[in-house]
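In what follows, a structure is listed as structure tokens, so that the remarks can point back to it.
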Amino acid sequence: MVYSVIISLVWVITLKYVPVWFTPYMISTKLEAMASDGDAKLYKDWEPYEHISKELALAVVASEDQNFPTHWGFDFDEIYNAMTAEKKRVRGASTISQQVAKNVFLWHGRSYVRKALEAYFTVLIELIWGKERILEVYLNVAEMGRLTFGAEAASQRYYKKAAKGLTRAEAARIAAVLPNPIRLSIKNPSAYVNKRTQQIVRQMRYLGGQKYIAELK
């Protein structure tokens, strides 16, 4: 047990400074693609936070986790709302921090063991990494299309430009597909994606624009 804690601490501290080139989910996605059709090229390209449009940083916060700048890894109001929502309106309550903990350190799936480990790593990265690093990693490892991970890969593949040059509308469309980047498309947006994109743009304005995330540490 002690050794496991030490290893996890070293792992988290190391990834505070080292780019996260691969995650367990990237590897499993690649293996599944190889098994199904052989086309398993991963589109990914790590970029530091300062090389990614702050419109995209704001868009993912506006769409995924509006309390990200102020919570400590868990949004208890959203957890309560998800637990009390009608069954036909299934809601997610995972914060960006929880999603990063899951994607970087763990496997995907539903089990009490994985959820407990997710909570453990969420606390660690909140304490050790800080908000800006958590958001930087999220923007580099989140799945944004089939076999496409991270802002730079998505921007180059779907907009033919660097992630630093994304406009507010382009950033919002990327954020709009995050709930299901396989079914929803950035390149060929459905009516739902277009509607959600406009909703995210409005939320970005409501939050006050880029200044909402300007003080992340």
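Couple of notes before you dig in:
- Between I213, I134, I174, the distinction of being over 15 Å from the mean Cα position of the chain (by Cα), under 30 Å from L15 (Cβ atoms) and buried (at least 17 other Cβ atoms within 10 Å of the Cβ) belongs to I213 only.
- Among the candidates Y3, Y25, the residue that is modelled with pLDDT under 90, part of a helix (DSSP H, G or I) and out of contact with any Gly (no Cβ under 7 Å at 6 or more places or on another chain) is uniquely Y3.
- Residue satisfying all of: in region 196-217; in a helix (DSSP H, G or I) and hydrophobic (A, V, I, L, M, F, W, C); nearest to A57 (Cα to Cα) among these: I213
- Cross-chain or 6+ apart pairs with Cβ under 9 Å, region 28-44 first and in a loop (DSSP other than H, G, I, E, B), then of a type in the set (D, E, K, R): A40/K30; A40/E32; K41/K30; L42/K30
- Among the residues of region 50-104, those identified as surrounded by 14 or more Cβ atoms within 10 Å (Cβ to Cβ), charged (D, E, K, R) and either at pLDDT 95 or above or assigned to a helix (DSSP H, G or I) (or both) are K54, E55, E64, D65, E78, K102.
- Identity of the residue in region 175-195, outside any loop (DSSP other than H, G, I, E, B) and touching a residue at least 40 places away in the same chain (Cβ under 8 Å), that ends up nearest to H71 (Cα to Cα): A175
- Scanning region 40-54 for residues that are of a type outside the set (A, V, I, L, M, F, W, C) and more than 8 Å from L147 (Cα to Cα) yields K44, D45, E47, P48, Y49, E50, H51, S53, K54.
- Region 150-164: number of residues that are assigned to a helix (DSSP H, G or I) and more than 21 Å from P19 (Cβ to Cβ): 2
The values are calculated or read from the model by the stated rules, or taken from the named source; none is laboratory data. Owing to the predicted nature of the structure, the values given are computational and were not obtained by experimental measurement. Note that each Cβ is placed from the backbone with ideal geometry, even for glycine, and that neighbours are counted across all protein chains shown.
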